[in-house]
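Read-outs throughout are calculated quantities, based only on the coordinates presented, and are distinct from any laboratory measurement. If you're wondering where the values come from, they're calculated on a predicted model, not measured in any experiment. A quick note on method: Cβ atoms are made from the backbone with ideal geometry, for glycine too, and the neighbour counts reach across all protein chains shown.
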Amino acid sequence: MTPDRKRALLWGVIGALAFLVLLQGYELLADRRVDWLVKFGVALVVGVLATGTTRLLQGRVPTQS
């Protein structure tokens, strides 16, 4: 696996986990529950979108080295 692909996948995982953490906070504060299938379905979509966006923007956005 190339470093660029690994980097994109890790950003996808970070995005999906961040969504799940935010949803957990919502459930705790609003006292409403979201179905687990919806949670993980949307988290999967967020992860795929974060991975795809990272792949598209790699090399286009300047980074500090």
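Using each residue's phi in segment 37-49, evaluate 6.51 cos²θ - 1.76 cosθ + 1.60 at θ = phi - 60° and report the 3J(HN,Hα) Karplus result to the nearest Hz, with x for Gly and Pro.
5, 5, 3, 6, x, 5, 4, 5, 5, 4, x, 5, 5
Between GLY59, GLY25, LEU10, whose Cα lies farthest towards the positive end of the dipole of the chain when Lys and Arg beta carbons carry +1 and Asp and Glu beta carbons carry -1, centred on the Cα centre?
GLY59
Would you mind finding the longest exposed-site-free stretch of the chain, with exposed trypsin sites (Lys or Arg not before Pro) meaning DSSP loop and at most 11 other Cβ atoms within 10 Å?
1-31
Given that just one value was derived from the coordinates, which of (1) 1.21; (2) 1.16; (3) 1.12 is Rg/Rh (Cα atoms, Kirkwood Rh)?
Label of the calculated value: (3).
Under a point spin-label approximation (7 Å from Cα along Cα-to-Cβ), what is the VAL21-LYS6 distance to one decimal in nm?
For VAL21 paired with LYS6, the spin-label model returns 2.3 nm.
Suppose only helical runs count, i.e. DSSP H with n ≥ 4. What mean residue ellipticity at 222 nm does that imply for the chain under -39500 (n - 2.57) per run, divided by all residues and rounded to the nearest 500 deg cm²/dmol?
My calculation for the chain gives -27500 deg cm²/dmol from helical runs alone.
Just how large is the dipole of the chain about the Cα centre, in debye to the nearest 20, putting +1 at every Lys and Arg Cβ and -1 at every Asp and Glu Cβ?
280
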